[in-house]
Amino acid sequence: MKRFLILQLRPETDASDAEFASILHRANLTEDRVHRIRLDCENLPEGLNVTDYAGVIVGGGPGCVSDAPEKKSETEARIENAIMGLMPQITGADHPFMGCCYGLGILAEHLGGEVSKARFSEPVGPSDCALTPDAADDPLTAGLDREFEAFVGHKEAVQSLPPGCVHLVSSAPCPFQMVRWGQNVYATQFHPEADAADFEQRIRIYRNHGYFPPETAETLIEICHAADVTQPGEILRRFAERYG
């Protein structure tokens, strides 16, 4: 049985470890079924072939694909280059891929779509999402509630549907919440791995990173715990079940 490759970007160990645990939990995976690489402190193995894995899951992070090169830290630039270097393999083979938040920006950028801060950024917290008509026929979204809440928080967003993509989930503040390219390459703007406890931790860690006024942190935490977020995790579980 092939393992899943999980690529993580967060330079904060506590946030990275919590995200990893959440991905395993929501995807119903055990540690022996994954290969975890923290790109903030590890390099990709030389000659890595994505088809040696059941699928690739990319987590979120504080970087922005659309930032000018001079605004990216050395670590952010190295992480972005590593993931972008895998995208031709992934789309070339239509290999199972789930990009979470940052992963949508990477996919859209690779496909020639526009990723920027011009429109569609969302504050940290729950967002009301809705399935599109095309979602009825997709194995990861078919039969889900037509409307559901998901946790978001992003400064940049995809501005238009990237070439060749199918639009699966939308929201009023940010139209492109989930897309599919080919038959097996997926990405979400929301965080399918996250629950309220995850977002409480991230709010505390990233309270001074420009996502929200720091003095609103406790209010945001209360809002997150009051939300009913279940459907995004089901999407991640279906991904792992389908390709595992």
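None of the figures in this text is laboratory data; all of them are computed from the coordinates on show. Predicted model, so just to flag it, every value in this text is computed and none were measured. Cβ placement follows ideal geometry from the backbone for every residue including glycine, while neighbour counts extend to all protein chains displayed.
Overview of results
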item: Some residue of the range 140-156 being in contact (Cβ under 8 Å) with a residue 40 or more places away in the chain, part of a strand (DSSP E or B), farther than 30 Å from Glu46 by Cβ and among the polar types (S, T, N, Q); result: no
item: Hits in the range 196-223 (condition: on the phi < 0 side of the Ramachandran plot and either of a type in the set (Val, Ile, Thr) or in contact with a Lys or Arg (Cβ under 8 Å, 6 or more places away or on another chain) (or both)); result: Ile203, Ile205, Tyr211, Pro214, Thr216, Ala217, Thr219, Ile221, Ile223
item: Matching residues, the range 197-217, being part of a helix (DSSP H, G or I), small (Gly, Ala, Ser) and over 18 Å from the mean Cα position of the chain (by Cα); result: Ala217
item: Residue check, Val124 in contact (Cβ under 8 Å) with a residue 60 or more places away in the chain, over 14 Å from Val185 (Cβ atoms) and touching a Gly at 6+ places or on another chain (Cβ under 6 Å); result: yes
item: Residue, nearest to Ala194 (Cα to Cα), within the range 1-33, restricted to residues that are in contact with a helix residue (DSSP H, G or I) (Cβ under 8 Å, 6 or more places away or on another chain) and among the polar types (S, T, N, Q); result: Ser22
item: Residues being acidic (Asp, Glu) and more than 17 Å from Arg146 (Cβ to Cβ) - total across the range 209-238; result: 3
item: Residue count for the range 218-233, restricted to those that are in a helix (DSSP H, G or I) and surrounded by 18 or more Cβ atoms within 10 Å (Cβ to Cβ); result: 6
item: Qualifying strands (runs of 3 or more DSSP E) (wholly inside the range 1-118; at least 1 residues being without any contact (Cβ under 8 Å) to a residue 60 or more places away in the chain and under 16 Å from the mean Cα position of the chain (by Cα)); result: 4-8, 34-38, 55-58
item: Qualifying positions in the range 19-62 - out of contact with any His (no Cβ under 8 Å at 6 or more places or on another chain), buried (at least 19 other Cβ atoms within 10 Å of the Cβ) and aliphatic (A, V, I, L, M); result: Ile23, Leu24, Ala27, Leu29, Val34, Leu39, Ala54, Ile57, Val58
item: Search result, residues across the range 171-196 that are under 15 Å from the mean Cα position of the chain (by Cα) and either among the hydroxyl-bearing types (Ser, Thr, Tyr) or under 13 Å from Val152 (Cβ atoms) (or both); result: Cys174, Phe176, Gln177, Met178, Tyr186, Thr188, Gln189, Phe190, His191, Pro192, Glu193, Ala194
item: Single condition Asp134 does not satisfy, out of (1) loosely packed, with under 13 Cβ neighbours inside 10 Å; (2) acidic (Asp, Glu); (3) in contact with a Lys or Arg (Cβ under 9 Å, 6 or more places away or on another chain); result: (1)
item: Search result, residues across the range 79-99 that are within 20 Å of Glu42 (Cα to Cα) and exposed (fewer than 15 other Cβ atoms within 10 Å of the Cβ); result: Asn81, Met84, Gly85
